[in-house]
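Accompanying notes for the structure given below.
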Amino acid sequence: MIRVEGLTKIFSQKTGKDLFAVNNLSFTAEKGEIVVLLGVNGAGKTTTMRMLSTILQPSAGFATIEGYDIAREPQSVRANLGFLSGDTGLYARLTARELITYFGLLYDVSKEKITQRLNVLVDILGMSEFLDRKIDLMSTGMKQKVSIARSIIHDPPVMIFDEPTVGLDIFTSRNIVDFIKRCRNEGKCVLFSTHIMREAERLADRIVMIHDGKLLVSGTWKEFREDTGLNDLDDIFVEYVNRKEPDE
């Protein structure tokens, strides 16, 4: 599971004024659950996920992945986490098979287990036609599937997806969404960020709305509708922003 308590990230600026990219954020995500981190661009979603993946150090607060502290136990966090961001790097001269195998070895997975796991992922993600194609000869959708496979070749219990469908065609997006649902059905803890309201509606067991780096509200789709009397998630999000701003 994921536990976040008072997580904060401050960036210093040349003007001398600190920028709170994430400000005292708290939420949880359980096993067998998809939690969607929802907010407009610049809300703090990616910064939050980079802290959870140990890429960035928090300025304050703490978080745990499967009970491991992101600041004090980063190696254990990475061993239990699959993290996919929009800028995941791929090595252009390698084939998909070579790259995924390489990352499996980095995670200390045996070659036999890598082969077994790769066969499963190729089937789930529909990668058989380009498994032995070099990365630089692939489409954007193909590369995204390879990025997912390389991020989860070690079969982690916690999955973090940072806007994984951005820029993809409808068929590839649908395939990735189906894969994320499958992860939830397998009992994995899934954290998924998006600024696309329809994706949140389709995927979320719970939604954590953030705005200007702060928690706006969290709950289920049903709870939001009952609280606001609205049925469209765009309208619901704006309603909560308007409720918050007079108090600031």
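The values are calculated or read from the model by the stated rules, or taken from the named source; none is laboratory data. Because the structure is a prediction, the values reported are computed rather than measured. Here Cβ is always computed from backbone atoms with ideal geometry, including for glycine, and neighbour counts include all displayed protein chains.
For the range 103-117, name all the residues that are part of a loop (DSSP other than H, G, I, E, B) and surrounded by fewer than 16 Cβ atoms within 10 Å (Cβ to Cβ).
Result: Asp108, Ser110.
Quick one: how many residues across the range 45-65 are closer than 22 Å to Lys31 by Cβ and surrounded by fewer than 18 Cβ atoms within 10 Å (Cβ to Cβ)?
Of the residues in the range 45-65, 1 are closer than 22 Å to Lys31 by Cβ and surrounded by fewer than 18 Cβ atoms within 10 Å (Cβ to Cβ).
Just checking, which of Gly104, Gly141 is modelled with pLDDT under 90 and among the small types (Gly, Ala, Ser)?
Gly141
Might you let me know whether the range 58-80 holds any residue that is under 14 Å from Ser151 (Cβ atoms), touching a Pro at 6+ places or on another chain (Cβ under 8 Å) and either assigned to a strand (DSSP E or B) or polar (S, T, N, Q) (or both)?
There is at least one residue in the range 58-80 that is under 14 Å from Ser151 (Cβ atoms), touching a Pro at 6+ places or on another chain (Cβ under 8 Å) and either assigned to a strand (DSSP E or B) or polar (S, T, N, Q) (or both).
Of the residues Lys9, Lys45, Lys31, only one is touching a helix residue (DSSP H, G or I) at 6+ places or on another chain (Cβ under 6 Å) and either closer than 22 Å to Asn80 by Cα or modelled with pLDDT of 95 or more (or both); which?
None of the other options fit; the residue is Lys9.
When the residues of the range 127-145 are narrowed to those that are among the hydrophobic types (A, V, I, L, M, F, W, C) and assigned to a loop (DSSP other than H, G, I, E, B), which ends up farthest from Arg93 (Cα to Cα)?
Restricting to residues being among the hydrophobic types (A, V, I, L, M, F, W, C) and assigned to a loop (DSSP other than H, G, I, E, B), the top hit is Met127.
Among the residues of the range 124-140, what is the count of those that are under 23 Å from the mean Cα position of the chain (by Cα) and surrounded by fewer than 18 Cβ atoms within 10 Å (Cβ to Cβ)?
Going through the range 124-140 one residue at a time, the tally reaches 4.
I'd like to verify a number: residues in the range 81-97 that are among the β-branched types (Val, Ile, Thr) and either assigned to a helix (DSSP H, G or I) or without any contact (Cβ under 8 Å) to a residue 60 or more places away in the chain (or both), how many?
Residues meeting the conditions: 1.
Conditions tested, residue by residue: (1) assigned to a helix (DSSP H, G or I); (2) surrounded by fewer than 20 Cβ atoms within 10 Å (Cβ to Cβ); (3) touching a residue at least 60 places away in the same chain (Cβ under 8 Å); (4) under 15 Å from the mean Cα position of the chain (by Cα).
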site: Asn119; (1), (2), (3), (4): yes, yes, no, no
site: Val122; (1), (2), (3), (4): yes, yes, no, no
site: Pro156; (1), (2), (3), (4): no, no, yes, yes
site: Arg174; (1), (2), (3), (4): yes, yes, no, no
site: Val177; (1), (2), (3), (4): yes, yes, no, yes
site: Gly187; (1), (2), (3), (4): no, yes, yes, no
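Give me a count of the residues in the range 202-222 that are in a helix (DSSP H, G or I) and within 17 Å of Ala29 (Cα to Cα).
Residues in the range 202-222 being in a helix (DSSP H, G or I) and within 17 Å of Ala29 (Cα to Cα): 2 in total.
Among Thr228, Thr220, Thr194, Thr165, which is free of Cβ contacts under 8 Å to residues at least 60 places away in the same chain, within 23 Å of Met51 (Cα to Cα) and not hydrophobic (A, V, I, L, M, F, W, C)?
Going through Thr228, Thr220, Thr194, Thr165 in turn, the sole match is Thr165.
Any chance the range 229-242 includes a residue that's part of a strand (DSSP E or B) and surrounded by 13 or more Cβ atoms within 10 Å (Cβ to Cβ)?
no
Residues checked against (1) under 15 Å from Glu33 (Cβ atoms); (2) hydrophobic (A, V, I, L, M, F, W, C); (3) at pLDDT below 90:
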| residue | (1), (2), (3) |
| --- | --- |
| Val146 | no, yes, no |
| Ile170 | no, yes, yes |
| Ser173 | no, no, yes |
| Val190 | yes, yes, no |
| Arg206 | yes, no, no |
| Arg225 | no, no, no |
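Scan Ile100, Ile160 and give me the residue that is closer than 23 Å to Thr194 by Cα, out of contact with any Asp or Glu (no Cβ under 6 Å at 6 or more places or on another chain), surrounded by 13 or more Cβ atoms within 10 Å (Cβ to Cβ) and not charged (D, E, K, R).
Ile160
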